[in-house]
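Before any comments, here is the structure.
The values are calculated or read from the model by the stated rules, or taken from the named source; none is laboratory data. Small disclaimer: the values here were computed from a predicted structure and weren't measured. Every residue, glycine as well, gets a Cβ built from its backbone with ideal geometry; the counts of neighbours run over all protein chains shown. These accessible areas exclude ligands, DNA and RNA; they are computed on the full protein's heavy atoms, side chains included. Shrake-Rupley method; radii C 1.70, N 1.55, O 1.52, S 1.80 Å.
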There are 2 protein chains.
Amino acid sequence: MEDKFLFAQQLIREAGQFIKEKMTEQVAVTIKSQNDDLVTNVDQETQEFMIAKILHHYPEDHILAEEDGVRHPIKDGNVWVIDPIDGTVNFVVQKNQFAVMVAYFEDGVGQFGCIYDVMNDLLLSGGVNQKVTLNQQEVAPYQSKPLDRALIGCNSGLFLTNEFGVTHLISHTLGVRVYGGAGISMLKVMTQELMAYFSHIQPWDYAAAMIIGKQLGYLVRTFDGQEPDFKTRQKVMFLPECELKHFENYLSE
Amino acid sequence: MEDKFLFAQQLIREAGQFIKEKMTEQVAVTIKSQNDDLVTNVDQETQEFMIAKILHHYPEDHILAEEDGVRHPIKDGNVWVIDPIDGTVNFVVQKNQFAVMVAYFEDGVGQFGCIYDVMNDLLLSGGVNQKVTLNQQEVAPYQSKPLDRALIGCNSGLFLTNEFGVTHLISHTLGVRVYGGAGISMLKVMTQELMAYFSHIQPWDYAAAMIIGKQLGYLVRTFDGQEPDFKTRQKVMFLPECELKHFENYLSE
């Protein structure tokens with residue numbers, strides 16, 4: 001496992017370098033489901049680059065990834081979950097504020113995860129029996145603080161419609177931040193720049209944060225308190241476990 | 001003027017260093033007008049540090065600054081406009097994502113401005129007859145692009161209430177970003193990571209961006225199309241001049 005964890009950290013940095021090189025070329029943008037759901041040739045090529053490396057080293061393993069319908073079931077064997085570029089809109093418009101994410105599961109049990117904020121060169125990684133580090137520095141577990149001294153990361157749609165009462169909860173904090181990427185937002189939760197993150201996201205968006213976060217006292221839950229399904233896009237919260245009851249007092253179903 | 005501009009750039013970097021040193025000590029937070037309107041001893045001490053340096057070098061000049069009611073009228077003589085920490089909530093909670101800002105006016109005419117994103121060490125500066133640079137690299141003027149390929153920075157309150165139709169306008173873009181600071185948001189407008197920024201802000205929040213932005217094709221306007229008054233907190237937009245008419249088609253009074 002130690003070997004695979006080191007391999008994953010090297011892989012994700014290589015993927016970041018791959019993306020940076022591709023950014024100097026013309027990027028081809030395609031709209032997926034709707035106007036703000038973009039994919040680029042770089043998303044696809046980075047995913048191919050990562051899958052090829054994984055299967056070269058671990059030919060028996062399986063892949064669940066964002067692009068091109070690569071969807072091995074999470075509970076079946078050794079599964080790598082890949083998001084080649086999380087925050088594609090930021091990647092296209094800002095050339096900044098996007099992440100590469102990798103998570104590794106064995107028979108549905110999360111082993112380790114890595115989130116790499118490429119342009120700021122911040123690599124957060126950790127897992128079962130693996131220290132959580134940010135660029136080699138150990139990351140502290142969540143320390144409780146009052147809600148009125150916290151910031152919350154949120155998807156703009158949930159915030160605008162007060163879905164599940166998120167806007168009501170946020171009104172009791174110091175405010176909302178909207179960064180446009182699950183990876184960079186969840187990284188900021190784990191460095192305690194945000195207390196929690198609410199969004200409407202896919203398995204490859206939450207897989208790494210779920211594993212890393214577990215070591216630090218965080219969890220991913222749907223708004224009705226369930227574990228996410230690793231199959232569909234779901235509205236979820238990523239938050240400190242010890243604040244869950246407190247949050248539920250403000251959130252409605 | 002060249003001397004003053006160089007002095008200002010050195011001053012703002014020194015202020016950033018001063019803040020970083022103070023961050024290692026206990027920070028005392030005080031609530032100003034409301035729960036999310038914070039001030040710290042570091043805001044106040046940084047302002048005092050900056051004012052002392054300015055008046056030591058330029059004893060005839062005047063100051064308009066955020067803290068402690070230092071409010072020389074903008075049109076009277078040589079006036080330095082100072083925001084010692086813009087994004088105080090981010091400073092307190094995130095220890096990141098805040099800026100120091102300085103702007104210099106002569107009889108109401110903006111001469112130069114500097115915005116320093118302290119933790120990311122990004123210094124944007126420029127003015128009349130002074131190139132606009134980001135860490136010594138020249139910054140390109142605004143290049144027009146379609147609204148549906150743009151991101152907009154916005155204060156969360158304006159976005160939530162669709163005040164002036166901002167949320168309607170944003171619905172025609174790739175989305176909103178909420179960063180929690182005018183300085184870092186307006187810097188991102190000028191590096192074209194955002195197309196525009198809408199917020200409810202004070203003179204020291206927009207003074208530097210107004211002067212720097214003018215060199216690159218941007219302006220600050222209230223939602224009824226006026227120049228800001230440099231006296232009160234106003235709801236304003238910071239946007240490319242060439243997009244103003246286009247924006248007004250989406251915005252209502």
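Observations, loosely collected:
- Top-ranked residue in the range B:80-124 [being charged (D, E, K, R) and either open to solvent by less than 10 Å² (accessible area, probe 1.4 Å) or within 27 Å of A:Leu147 (Cα to Cα) (or both); ranked as nearest to the other protein chains (Cβ to nearest Cβ)]: B:Lys95
- The selection criterion, being open to solvent by less than 10 Å² (accessible area, probe 1.4 Å) and over 18 Å from A:Asn96 (Cβ atoms), does not hold for B:Gly183.
- Residue in the range A:160-176 that is open to solvent by 10 Å² or more (accessible area, probe 1.4 Å), closer than 24 Å to A:Ile19 by Cα and in contact with a helix residue (DSSP H, G or I) (Cβ under 9 Å, 6 or more places away or on another chain) present: no
- Against the list (1) more than 21 Å from B:Leu239 (Cβ to Cβ); (2) free of Cβ contacts under 8 Å to residues at least 24 places away in the same chain, the condition B:Asp107 fails is (2).
- Residue within the range B:77-87 that is at positive phi and assigned by the TED database to the domain that holds B:Asp36 present: yes
- Residue within the range B:62-70 that is at pLDDT 95 or above, surrounded by fewer than 21 Cβ atoms within 10 Å (Cβ to Cβ) and out of contact with any Pro (no Cβ under 9 Å at 6 or more places or on another chain) present: yes
- Residue in the range A:116-131 that is free of Cβ contacts under 8 Å to residues at least 24 places away in the same chain and of a type in the set (Val, Ile, Thr) present: no
- Test: residue in the range B:240-251 that is polar (S, T, N, Q) and part of a loop (DSSP other than H, G, I, E, B): no
- Checking each residue in the range B:10-43 for being farther than 21 Å from B:Val102 by Cα and either open to solvent by 80 Å² or more (accessible area, probe 1.4 Å) or over 19 Å from the mean Cα position of the chain (by Cα) (or both) picks out B:Thr24, B:Glu25, B:Gln26, B:Val27, B:Ala28, B:Val29, B:Thr30, B:Ile31, B:Lys32, B:Ser33, B:Gln34, B:Asn35.
- Test: residue in the range A:90-111 that is within 21 Å of A:Arg177 (Cβ to Cβ) and hydroxyl-bearing (Ser, Thr, Tyr): no
- Residue list for the range A:108-137, restricted to those being aliphatic (A, V, I, L, M) and closer than 13 Å to A:Leu216 by Cα: A:Leu124, A:Val128, A:Val132, A:Leu134
- Some residue of the range A:112-130 being of a type in the set (Phe, Trp, Tyr), in a strand (DSSP E or B) and not assigned by the TED database to the domain that holds A:Gly217: yes
- Pairing residues of the range A:45-71 that are within 16 Å of A:Met101 (Cβ to Cβ) with residues that are open to solvent by 60 Å² or more (accessible area, probe 1.4 Å) and part of a loop (DSSP other than H, G, I, E, B), at Cβ distances under 8 Å and at least 6 apart in sequence or on separate chains, gives A:Leu64/A:Pro73.
- Any hit, the range A:40-57, residues being under 21 Å from B:Ala150 (Cα atoms) and within 14 Å of chain B (Cβ to nearest Cβ): yes
- Residue match in the range A:139-148 (condition: β-branched (Val, Ile, Thr), part of a loop (DSSP other than H, G, I, E, B) and open to solvent by 10 Å² or more (accessible area, probe 1.4 Å)): yes
- Boolean, A:Pro73 is over 18 Å from A:Ala207 (Cα atoms), more than 15 Å from the chain's Cα centre (by Cα) and not hydroxyl-bearing (Ser, Thr, Tyr): no
- Checking each residue in the range A:44-56 for being touching a Phe, Trp or Tyr at 6+ places or on another chain (Cβ under 6 Å) and open to solvent by 10 Å² or more (accessible area, probe 1.4 Å) picks out only A:Phe49.
- Screening the range B:151-237 for strands (runs of 3 or more DSSP E) wholly inside it with 3 or more residues that are more than 12 Å from chain A (Cβ to nearest Cβ) returns the ranges B:196-201, B:218-222.
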